[in-house]
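For reference, the structure discussed in these notes is given below.
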Amino acid sequence: MENLPSSLVLEILSRLTDSTDLARCKLVSKTLNTVSHDIRSVTLFCSMSRYLKSRSPETKHLVTPFKTVFTDLVRRSRSVDTVSLGVDRALGTVSFDDVEDECDDLYLTDFSFFKEWLPLICEGLKSLTVSDFWVQSCWRRSDALSLISSSCSTLVKLVIRNAWLSVDSLNSMPTLTNLTLEFVRLDDEDLSRISSSFPNLIELNLIGVGGLKEPKINLLHLRTCQWSVSNAPLSLIICAPNLVDFHLKCIKPRLIVLEAPLLYTFNLSLENTDELNLKNCTNIECLQLNIECLSPGFLCSMFRHCSTVKRLTVDLVIKTDRVEVTEFGLDTLLDFFPNISYLNLGPGPWFVMESSFCKGGLKESIGMKTLKELVAHLVVNEIESTLAFVFCILDKCMKCSDVSLLIHRDVDSYVASNLISTCGSKFPRVKWRWGIWKEGIKDTLVSDGI
């Protein structure tokens, strides 16, 4: 090791994913110790084992405080551009009942703790990830964002998890292009400070962010956004002229307004809304919907101007038992989306459309001429009805040559086997795939390309 070029040793040490391992390597040789100071990243996570040892009366005197270990690592580094600091995910299972004191030893977004180490490396810092310990951080409001924004003039990526963040004295950060806030209580109920302080964001991830009432995202350069809203805001407004990929999960907003003329992929998981207003969203090609609504017709009316959709995935929960199924069949869906080549139907819409077929048949639709691939999640209450519906679809959708039928795990094996053999013999031109689905479990394909 002593004879290796310093550049090669630096490359080897740079591949270590935990700075604790780096600290051990420094003790092996002078070369490793010398080169280690040039490592440009510091990564340190508190494990469950370390946490338990720091709490046990028999071992806690043997454990160096976690914050002290991290600060020492930063002080010994010459030019750090990446920092990852946090607690192991396993500590997320620790509840308030398990904590008897008001310790702050793992309160990692603590402003005073940040002041100890951030000024030492802020000039060249490009990426910062902090995963706090929720039991200690949830009831302590942190001003860490103000210090980050005033100190880190070159920061490109910022990730903060499990914290309560203030936006007071937040400065503009024009270099920041990637922001992730996950399970964060944010004192910015309309997101105005986030939009104004980080104007050049290209990627934004807001996962389980609470404290929002009428949030509005107004970011000119945003291209990718994942937004999972933890509470029930009154409205959500998104204005992003360059947004291409958007994943939104929300509960009971009265109004959603989306203005994104370049949007290509839209994944929407929604529990009821009074209005979904899509402004100039005429370029969507990949649409995935997982929605609780009053009726399938109400759902599709929201997307009546999205005729460009080519790949459509739909699952829904109908909120009322008074659904007139004859009003919404597969033909109706394909009238709303006349250019789709791929269609994936969850058990909810398949049930509604099969019932509609049994009562009113299946009419011709423009979309039947373009459909090439079908994925359906079946329950199979009446095998004759299911077979008749499948056969009718394939008779009318002449270009559909790839079909995946996922049968509910609780369906009798004899019924499932009969369905499989009958479909295969009736339409040999089709490439059949068979699988199993069940609520809360990932779909499983058991045969591919029969």
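For Val83, the amide hydrogen comes within under 5 Å of the amide hydrogens of Val42, Ser127, Leu128, Thr129, counting only partners 5 or more places away or on other chains and with H modelled in the peptide plane.
Angle of helix 111-121 to the longest C-alpha principal axis of the chain, folded into 0 to 90 degrees and rounded to 10: 80°. Karplus-based coupling profile of segment 346-363, in residue order and whole Hz: x, x, x, x, 4, 4, 4, 6, 5, 5, 4, 4, 5, 9, x, x, 9, 8, with θ = phi - 60° in 6.51 cos²θ - 1.76 cosθ + 1.60 and x standing for Gly or Pro. Overall, the chain carries a charge dipole of about 1120 debye about its Cα centre when +1 sits on the Cβ of Lys and Arg and -1 on the Cβ of Asp and Glu, all other atoms neutral. Residues whose amide H lies under 5 Å from that of Ile217, counting only those 5 or more places away or on a different chain, are Ile237, Ile238, Cys239; hydrogens are built 1.01 Å from N in the peptide plane. How many percent of the alpha carbon pairs in the chain exceed a separation of 36 Å? So the pairs more than 36 Å apart make up 46 percent of the total in the chain. Taking a Cβ cut-off of under 15 Å around Arg193, the surrounding Lys, Arg, Asp and Glu residues balance to a net charge of -3, with basic ones at +1 and acidic ones at -1.
Of the listed pairs Lys372/Lys442; Lys249/Lys279; Lys157/Lys249; Lys115/Lys213; Lys279/Lys438; Lys60/Lys157, which have alpha-carbon separations greater than 27 Å here?
Distance filter (> 27 Å) returns Lys115/Lys213; Lys279/Lys438; Lys60/Lys157.
Counting only alpha carbon atoms, the long axis of helix 383-396 and the longest principal axis of the chain meet at about 90°. Each label point was placed 7 Å from the Cα along the Cα-to-Cβ direction; for Asp395 and Lys369 their separation is 2.1 nm.
In order along segment 183-193, phi translates into HN-Hα couplings of 6, 10, 8, 10, 7, 8, 5, 10, 6, 5, 6 Hz, rounded to whole numbers, per the Karplus curve 6.51 cos²θ - 1.76 cosθ + 1.60 with θ = phi - 60° and x for Gly and Pro. Taking chymotrypsin sites (Phe, Trp or Tyr not before Pro) across segment 344-429, none is in a DSSP loop with at most 13 further Cβ atoms lying within 10 angstrom of its Cβ. Less than 14 Å Cβ to Cβ from Thr71, Lys/Arg counted +1 and Asp/Glu -1: what total charge do the surrounding residues give? That sum, taken over residues with Cβ under 14 Å, equals 0.
Normalising the average separation of contacting C-alpha pairs (under 8 angstrom, six or more residues apart) by the number of residues puts the relative contact order of the chain at 6 percent. For Leu222, the residues 5 or more places off, or on other chains, whose built amide H falls under 5 Å of its own are Asn242. Using the Cβ-Cβ distance between Arg78 and Ser192 with R0 set to 41 Å, the FRET efficiency from 1/(1 + (r/R0)^6) comes to roughly 0.60. Dividing the helix sum by the residues of the chain, where each DSSP H run of 4 or more adds -39500 (n - 2.57), gives a mean residue ellipticity at 222 nm of -8000 deg cm²/dmol.
Take every DSSP beta bridge whose two residues both sit in the chain, then give the antiparallel share in percent to the nearest 5. Roughly 5 percent of the beta bridges in the chain run antiparallel, per DSSP.
Only protein heavy atoms count here; under a 1.4 Å probe, His305 has an accessible surface of about 130 Å².
Applied to segment 132-144, the Karplus parametrisation 6.51 cos²θ - 1.76 cosθ + 1.60 on θ = phi - 60° returns per-residue 3J(HN,Hα) values of 7, 9, 4, 4, 9, 9, 5, 10, 10, 6, 9, 9, 4 Hz, with x for Gly and Pro.
The values are calculated or read from the model by the stated rules, or taken from the named source; none is laboratory data. What you are looking at is a predicted structure, and each value in this text was computed from that prediction instead of being measured. Note that we place each Cβ from the backbone using ideal geometry, even for glycine, and neighbour counts take in every protein chain shown. Note: areas computed on protein heavy atoms with side chains; ligands, DNA, RNA excluded. Shrake-Rupley method; radii C 1.70, N 1.55, O 1.52, S 1.80 Å.
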